[in-house]
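The values are calculated or read from the model by the stated rules, or taken from the named source; none is laboratory data. Source: prediction; values computed, not measured. A quick note on method: Cβ atoms are made from the backbone with ideal geometry, for glycine too, and the neighbour counts reach across all protein chains shown. Areas reflect the complete protein model, heavy atoms only, side chains present, ligands, DNA and RNA absent. Shrake-Rupley method; radii C 1.70, N 1.55, O 1.52, S 1.80 Å.
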Amino acid sequence: HLQLVESGGGLVQPGGSLTLSCKLSGFTLDRYAIGWFRQAPGKEREGVSCISSRGNFTNYRDSVKGRFIISKDNAKNTAYLQMNSLKPEDAATYYCAAIDPMYGSTYVESRWYDEQAYDYWGQGTQVTVSS
């Protein structure tokens, strides 16, 4: 039974940094592509970033490029989202999600931003950006 648990959210001032963690249990991380999504109140959930199972593919939504960094540590079975230069518009509940390994790299790379492509979800962690 695959589980994902996010942590690391909190309150940060504009311009500050946070690193979110996504701990996988039940299966090994090196088989799964991991995506980060976020949802602000009253808005749809949106894809933020993705890293492939082997870590050779990453992508970001335009608004976070150059500020966020996605990574994974297979030995710790944990994926990360390092968020720098945070803005008030980054405030949201952040979710990590995993794509089943039966889907190949083409699927991941073409649908990384689409929540329908993901099979497993964490419960979310809240990020607040405010002075």
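A few comments on the model shown:
- Where only DSSP H runs of four or more residues are counted, the chain gives -1500 deg cm²/dmol as its mean residue ellipticity at 222 nm, each run worth -39500 (n - 2.57).
- Fraction of accessible area attributable to carbon and sulfur, the chain (%, probe 1.4 Å): 45
- Between the residues Ser131, Leu2, Ile34, the greatest Cα displacement towards the positive end of the dipole of the chain, with unit charges on the Cβ of Lys, Arg, Asp and Glu, is found for Ser131.
- At 1.002 mPa s and 20 °C, Stokes diffusion of segment 1-113 via Kirkwood alpha-carbon radius, µm² per second: 151
- Å² per residue, accessible surface of segment 1-54 at 1.4 Å: 50
- Surrounding net charge for Arg45, when Lys and Arg each add one and Asp and Glu each subtract one, Cβ distance under 9 Å: -1
- Charge dipole of the chain (Cα centre as origin; +1 on each Lys and Arg Cβ, -1 on each Asp and Glu Cβ, all else neutral): 260 debye, rounded to the nearest 20.
- For segment 67-117, size of Cβ-based charge dipole, Lys and Arg +1, Asp and Glu -1, in debye: 200
- Within the shell defined by Cβ-Cβ distances under 13 Å, the residues around Asn84 carry a net charge of +2, with Lys and Arg each +1 and Asp and Glu each -1.
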